[in-house]
Amino acid sequence: MVSVPSAGGVLNEDFIGAAVPSSDGGGVAIALDGVSPPAYGETGCVHNPAWFVARLGGALLDLAVTHHDRDLRRCLSEAVSRTAAAHVSTCDLRHVRTPQATVAIVRWGGDEAEYLVLADTVILMESVDGAFSSIIDTRLDEVRARAEFKESNARLRKFVAGTEEWHAAMRAHQEFVDDGFRNKEGGFFTAAGDPGVAARAVHGRLPRAQVRSVGLVTDGAGRWTEVFGRGSWEELFVTLKKQGARRLIDAVREIELSDPGRTRFPRGKMHDDASAVFVEL
C-alpha cells in the first residue's frame with residue numbers, strides 16, 4: 001500500500017491501513033479520503049482533515065479488527081461516534097463543512113469477505129476465476145450528472161484555473177454543492193459527525209473462497225480512470241496488481257504534470273492526495 005500527499009510539505013488528508021491477522025485469522029484493509037476544507041468561509045471546526053481522518057481511520061481499523069461480531073456498518077457508526085466525541089466540545093459538528101471523509105473497507109475472515117463503501121473511494125475485486133468487479137457508491141456521480149450541476153461546473157470552466165475569476169466561480173460552485181447535496185437526501189453522503197451515515201453506505205458480503213484479490217483506491221489515484229481516461233476500473237486494477245501502487249500513483253502524477261494549466265484534464269486541484277492498497281487473499 002502507498003499513500004502520497006498532493007505536494008511536498010502538505011499534510012496528507014488520506015488514510016490507509018491494514019491489519020493481518022484479525023481476531024479470527026482474517027484481515028482488514030481500509031482507505032479514507034479526507035474532504036479538503038474550502039478556500040472560503042468556515043468549517044465550524046478547529047481541526048484539519050488530516051486530524052480527522054487519522055482518528056476516524058484509526059478507530060475504524062481498531063473496531064473492525066477487534067470486533068468481528070459487529071458488521072462494518074456498526075463499526076463505522078461507532079468510529080464516527082468515537083471521533084465526534086473527541087472534538088464535539090470545541091467544534092460545531094453540524095456545520096455542512098465540518099471535517100469529513102470518504103470510506104472504503106474490506107474485511108475477510110472465516111467463510112466470508114465483507115465490504116463497505118461511502119462516497120468516492122472505490123473497492124476493486126478479482127474472483128478466483130479471474131472475473132472482475134468494482135464496488136462504487138454512485139450517488140456523487142448521480143449528482144454530477146444532473147443538469148444544474150453541469151451548468152454550475154460549466155460556469156467554472158469558463159475561467160483559467162488559479163485566476164481571481166476562477167476562484168470566485170469555484171467558491172460559488174462549492175457553495176452550490178454544499179448547500180444542495182452534501183450529506184442530504186437526494187445528494188451524497190460522507191462520514192462526518194453523524195454516526196447514522198453508516199446506514200447509507202454501500203455494504204455487502206461475499207464467500208471468502210470466491211475472492212482472490214482486492215484493491216482500494218482514493219479518488220486521487222482513481223483519477224487514472226475517472227479524470228484522465230487511461231483505462232477502465234478493471235485496467236486500473238490490473239496496473240495496481242502487476243505494477244504496484246507506487247507505479248499507479250507515479251503515472252497519475254506524470255499526467256498531472258503534463259497538464260499544469262488543467263485545460264486538457266479539467267480538475268479542481270492540480271494534484272490530490274493519492275492512495276492505493278492491494279491485498280492478495
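The values are calculated or read from the model by the stated rules, or taken from the named source; none is laboratory data. Worth saying up front: this structure is predicted, and the values here are computed from it rather than measured. Backbone-built Cβ (ideal geometry, glycine too); neighbour counts: all protein chains shown.
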Give all pairs with beta carbons closer than 8 Å in which a residue from segment 155-171 that is at pLDDT below 85 meets a residue that is charged (D, E, K, R) and surrounded by 12 or more Cβ atoms within 10 Å (Cβ to Cβ); count only pairs at least 6 apart in sequence or on separate chains. Ala161/Arg262
Pair list, Cβ under 6 Å, 6 or more apart: segment 173-201 residue farther than 24 Å from His87 by Cβ and not assigned by TED's automatic domain parsing to the domain that holds Gln100, other residue of a type in the set (A, V, I, L, M) and crowded, with 19+ Cβ neighbours inside 10 Å: His173/Leu156
Looking only at residues that are under 13 Å from Val202 (Cβ atoms) and not polar (S, T, N, Q) in segment 126-141, which one is surrounded by the fewest Cβ atoms within 10 Å (Cβ to Cβ)? Asp141
Arg262 passes all but one of (1) touching a His at 6+ places or on another chain (Cβ under 6 Å); (2) in contact (Cβ under 8 Å) with a residue 40 or more places away in the chain; which number fails? (1)
Against the condition assigned by TED's automatic domain parsing to the domain that holds Glu78 and more than 24 Å from Ala221 (Cβ to Cβ), how does Asp120 come out, does it pass? no
Looking for whichever is more than 18 Å from Pro207 (Cα to Cα) and either surrounded by 21 or more Cβ atoms within 10 Å (Cβ to Cβ) or at pLDDT 95 or above (or both) here; the options are Ala39, Ala113, Ala29, Ala101. Which one fits? Ala101
Condition (residue is more than 28 Å from Arg70 (Cβ to Cβ), charged (D, E, K, R), in the same structural domain as Ala113 (by TED's automatic domain parsing) and in contact with a Pro (Cβ under 9 Å, 6 or more places away or on another chain)) applied to segment 230-249: is it met by at least one residue? no
Selection from segment 198-224 of residues that are touching a Lys or Arg at 6+ places or on another chain (Cβ under 9 Å), of a type outside the set (Gly, Ala, Ser) and within 18 Å of Asp272 (Cβ to Cβ): Arg223, Trp224
If Gly229 satisfies all but one of (1) more than 19 Å from Ile16 (Cα to Cα); (2) in contact (Cβ under 8 Å) with a residue 12 or more places away in the chain, what's the number of the condition it fails? (2)
